[in-house]
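Chemist: Okay, handing you the structure first.
The values are calculated or read from the model by the stated rules, or taken from the named source; none is laboratory data. Bear in mind the structure is a predicted one, so any value in this text is a computation, not a measurement. Please note: Cβ atoms are built from the backbone with ideal geometry, for glycine as well, and neighbour counts cover all protein chains shown.
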Amino acid sequence: MEKVLEELAKHPWDFIVFKTDKGFVMNVVFHASAMDYSRSFRLDENEARQGMEELKQLSKRIRKDYNSFKNREVTLVVR
């Protein structure tokens with residue numbers, strides 16, 4: 001399990017970007033009809049340090065095209 005070192009960015013009910021002991025991770029909230037759930041995805045440093053608007057767009061792309069980001073998913077959700 002990854003250890004969170006710092007929270008870099010947060011947009012409630014959308015995403016949180018963390019710096020961990022193994023790199024950078026974005027938790028993205030997926031909205032389902034009955035309940036919401038989150039998934040964690042590995043980011044490179046350039047992605048992790050983008051501005052808020054770029055991070056919002058990235059979280060939207062991940063939700064819209066999950067299969068393109070599936071290979072970057074961290075199996076244990078980082079919290």
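Chemist: Out of the stretch 50-79, which residues are modelled with pLDDT of 95 or more and charged (D, E, K, R)?
Modeler: Correct list: E53, E54, K56, K60, R61, R63, K64, D65, K70, R72, E73.
Chemist: Could you figure out which of (1) modelled with pLDDT under 95; (2) loosely packed, with under 14 Cβ neighbours inside 10 Å isn't true of N46?
Modeler: Unmet condition: (1).
Chemist: Looking at the stretch 1-18, which of the residues that are closer than 13 Å to A48 by Cα and under 12 Å from the mean Cα position of the chain (by Cα) is surrounded by the fewest Cβ atoms within 10 Å (Cβ to Cβ)?
Modeler: Ranking the qualifying residues of the stretch 1-18, first place goes to E7.
Chemist: Sticking with this one: Of the conditions (1) surrounded by 13 or more Cβ atoms within 10 Å (Cβ to Cβ); (2) modelled with pLDDT of 95 or more, S38 clears all except one; give me its number.
Modeler: (2)
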